[in-house]
1. Of the listed peptides 1109-1121, 762-774, what is their order by residue-averaged count of other C-beta atoms within 10 Å, with the highest listed first?
2. Using packing as a proxy for protection, rank 951-957, 240-246 so that the peptide with the highest average count of other Cβ atoms within 10 Å comes first.
3. List, in the order given, every pair from LYS856/LYS961; LYS281/LYS596; LYS657/LYS851 whose Cα-Cα distance in the structure shown is over 25 Å.
4. Using a 10 Å cut-off around each Cβ, can you sort MET776, MET270 from fewest to most neighbouring Cβ atoms?
5. Can you quote the Å³ per residue value for the convex hull of the Cα atoms in region 550-684, rounded to an integer?
6. From the phi angles alone, apply the Karplus equation (6.51, -1.76, 1.60; θ = phi - 60°) to region 1126-1141 and give each ³J(HN,Hα) in whole Hz, x where the residue is Gly or Pro.
7. From the phi angles alone, apply the Karplus equation (6.51, -1.76, 1.60; θ = phi - 60°) to region 811-816 and give each ³J(HN,Hα) in whole Hz, x where the residue is Gly or Pro.
8. Expressed as a rounded percentage, what relative contact order does region 1082-1187 have, with Cα pairs under 8 Å and six or more residues apart?
Amino acid sequence: MLCDLPDDVLFLILYELDVHSLLRCKQVCCTLKHVIEGSQRLTYTIELGINGMIDGPSTAGQSVGERLQALRQYNAQVYAGPSTSQDVEEYEGSGWSEVQKAAARHGCCPTAYVLDHGRTLVVNEPRFAQGSLEVRRRIVSLEPGMVLVAVDISQDLLVLYKDRPDNLWNKGVHLRSLGAQVGTAHPEATLAVLKNVPFSVPTIHLGDHDNARTSIKDGQIYGPFVAWKVPYDDRETTYALEVWDWKKGILVWHGRFPSLSISTYTLIDMAYLAVELWGRKVAVYRFSSPEIDSTYPSFDITSQPSVAAIDIKDTTPLFSLELFPHARDCCIVEPSPCTISPLPPPAALFWPDPALRTIAVQFHVSASSKLRNLLGDSLNSTFVVLIPQSTFREHLERASARTEGDGPLRVPWRDWGERGSVVLRSGTFPEQPHLAGLYTNSRVVPFGSRVSVFLLDSADELETIGKDKDYSSLPKWRFQHIWGSYDLANVMLHPEKSVPVFGARNLVCIDLPPVRQHMQVLAAILFAAASGAAAVAPYQQYILAPSSRTVRPAAVYLQTGSVSSEHALLDDQVFSGQPSLTLDTFNSSVTYDFGKNVGGWINFNTTSIDGSVGFTFTESSLWVSSEACDSTSNGGLDEPLVFNLTGLGHYVAPNDKERGAFRYLTIVNLGSDQVSIDDLWVHFTAMPHWADDSLQNYTGWFHSNDEKLNRVWYAGAYTNQLITIDPTRGDAIVHFGFGNISNTTLDWWLNTTITNGTSTLTDGAKRDRLVWSGDMAIAVPGIAITTFDLISIRNALDSLFVLQNANGQLPYAGYPFNILGVVSFTYHLYALIGVRNFYHWSGDQSYFDEKWLQWKAGMEWAVARIDSTGLANITDPADWLRFGMGGHNIEANSILFYTLNLGATLAQNQDDSATADRWSQLAASLQSAAIPLLWQPDVGLFKDNETTTLAPQDGNAWAVKSGLVTNASQVAQISEALQARWGPYGAPAPEAADAISPFISGFELETHFMANRTVAALTLIRNMWADFMLDDPRMTNSTFIEGYSTTGELHYAPYPNNALISHAHGWSTGPMSALTTYVGGIQLLSEAGATWAIVPQVGDLTHADVGFSTSLGGFSSKWSTNTTVFHLEISTPEGSTGTVGLLLPGNHTSAILTGKDRDGDIVHGDKLGRYWVGGLAGGDYEFTVVGL
């Protein structure tokens, strides 16, 4: 056996092992443990590896014992923190330079900063860099006009940018020796100045305008390469990334990127760089294939043979790592301007192991339910994901195996995050952004296995999780208090991994074990919450969202002219080997039907070398045409999207020609020559923040014995997904207005940034693609019970509140519509309701605390409209495009009543009892005034205002929904009167002429359910939403139309242009939340469902299964019934409490109850036929009620 060998033989064997093998061997037997612990060489190997270090050049003349002693002294000094009051005093202050001093003195990272208005450069080197354990500080004087770009202490390299405008020909990037006299070039640099203006690279200008100081950004050095960002134009709308070989003085690569798409990058090694794109993914590019200089360690992440040359303008990534789907504002964090070289300084005792190169990416997240549940505090947190070199290596190998036509490899989070990263959570930001620990690039300094993270937050000290006996002997770093009230937040680590974490207040050094295999995700909750690693919601067969972002047509709808092989482009035929679609002559065309509404960028492959092909889009079959699209503006039809072919290959629509929604796509030959297309697809762009294969990962579900209801619920869910868009693809409002319709087609584009973040909720998929608070009143509850996509909701709400006027007034709609200055009383209130709804579903107290003062100001703006009658007098006519808004309007006052009561509760939450009492009194006075003034007992409905007898749908629905009407018989009277007005196509809204408004009808649905007229509500859903809005051949069969006429014509009274009507509108998805809340019966009585009631309404159904999740956990209700038995199964989160309203089956007034400590109890129903079981703690319950 191995352990029977002599100790000296065992030593020789163990000497060949790495640190992790040695640690495992220590656990095999006492003999191996004794040999390892008795050898200074093996002990040094282990401790060096634990620190993620390699031997430095200066250790060559030292014994192993001396090296081990130095390493232990270094650890003791680093993790002890400042030991004297002088040390602490040195770091006092609020500037970033003080933190950098601390980083160098107590960490492993060199730092550099400029003092004296740019005249003095200070470079702090880590303790081990110069052959001793003392910090060396270099002071370098900078000549006037020099701006620091990057520093590398290992190579004695100082990179400066000359920015003085007095001599353009003397501007450029200067390579200096760090320790040399001012003006002395670096001895290894072929060129002292890498480039002057004008430059040889076409159209890339560095510093040839007055704002020269901003020309060079984010400089980095890595071995023989130096990289930076430069603006491509004076407006800085585009940036170029440049990589230079500073020793040879040549440009090796440059790529051009829109400024909105790229904010950060890093050099991974001497051949590859990583670029953060659009704040949600990390793309990897190859910039060089050098012959590795023998002076540098060999750590290239690929074993591929070098190629002869790299195209310096090739900006096609090899692959991209998609970040956490709920992430936003991602950025790569790097130690710029002071680089940690892969080559140790000549005198270094030891140095971070370049083989453990780690890339850090910071992001924010508004968590899904499971994430929030596990975090237990604010939804909005900052995270850093650490990506080891091994992860890049694995996916580079995958990318290299792809053929040229496959395009870049896209790796979703679920395929790499769980096993290829480490996630650290830093908490929320302090109020001062310059003190926020992870706010800018320089706050996280990763290299090797060691990462210095500057965390300024609310907890007292770092919690260390996951230590084992091999690491527990390493001391924690007790850093003294420096930053006043800003302390360290928890860093969450996976409990099953042995990862030592050294931390204390403010400045944290995290050592990760030098694992050359894939690191495990330490915050597995991120993966589970984002990628659907938790149980998949049932009834997947109803989900209309595509399984991937590549969507192809399902059928041929129409063809004209000379066409052949039109079926070749269908989804089930495209890879069958059929000939390409051929459009032989001018104006020959094919219309494809995708079978449902889709949206995104058109892509196609052609074998034609020239010609012209056009594409037209429409949601409704009414507007199928080879000459024009349906409309995104009221001025007329949209013009086709035209491609002038310049050669065979792949063509894709420009970014601003994304089409938000269409079911039908027509391809037309616009040239004289034959055109052939061998593939056609849409890159589906909705839900841009979700991974490509996660679009079906719903958190909620609905199923009943009625297929119409099932289809309506899932069509609503899909509608809300389609209207969730990339905020940079908002409507440009090109042709706004309601004037005459043009006889010519009009240009269109989607290129307006309407909110912050990477996703946002809008009103419609085709148009308006803007934020409207009224639409959110219906869409937000529907989103909460299907995808729980709270971040998109928050981004939309934030975009409204940032536009709030000083007097408290909120905009009618978001940017750019707000520029028109339109005021809407009702939409102002809807914005307030939206914030409350977000808080209600998320339970995010910090979010509401942040919004409270604005919310209160908005409420005061509204109550200022209340006159001596006790009612609000409305003077602004804008609403949901209804007519006649004004005066003491019943809709506006009902919504005000509702919002006042919400506000009173929220004011109590904020300990503002005076405001709560005042708003409650105003609501009571409003209620007392509205009913006698506006109620029409002979009609059974409220009139619109005191000047008319018109009984509006909106005001009567809101009078019930708001609780303005409390008398049960009056509620039933309103429900019956509204139903009596129904036509064959749905519920009319007479306040909008002949319109049927699915928006207002969504509130009417609640009226019928609240009146306990369940069958009436279900009948309206079946007739209006299922039979007409889904199944009418003019509809999309998948999403819900904005509005139409009582005659069934697809004409919406407020619009003169029928082609303008949106067929995917969030305000039309009311049945979703109504079915879940009333048929499923799940009602959240307090934020996130901390208290709840489950009260199913069965109507004419026999069974239903309903569920969703909030930040507290999952809620579900599954029931079945017949004339004698009602059976209910429920599940609610632990820690919550609630009540169940059990329905007595049939017409029974008494029944036998079993379940929850009831075993055959005889119970009696109330006047509504229910028996109530209260005081239930969260958990799983089953009840059976048998009628007597």
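1. 762-774, 1109-1121
2. 951-957, 240-246
3. Violating the 25 Å limit, Cα to Cα: LYS281/LYS596; LYS657/LYS851.
4. MET270, MET776
5. With only Cα atoms used, region 550-684 gives 95 Å³ per residue.
6. Residue by residue, region 1126-1141 yields 10, 10, 9, 10, 10, 9, 9, x, 4, x, 8, 9, x, 9, 10, x Hz.
7. Along region 811-816, the couplings run x, 4, 8, x, 5, x Hz.
8. 26 percent.
Every number here is computed from the coordinates shown, using simple stated rules; none is lab data. As the structure is a computational prediction, the values presented were derived from the model and not from experiment. For neighbour counting, all protein chains shown are included, and Cβ atoms are generated from backbone atoms with ideal geometry for every residue, glycine included.
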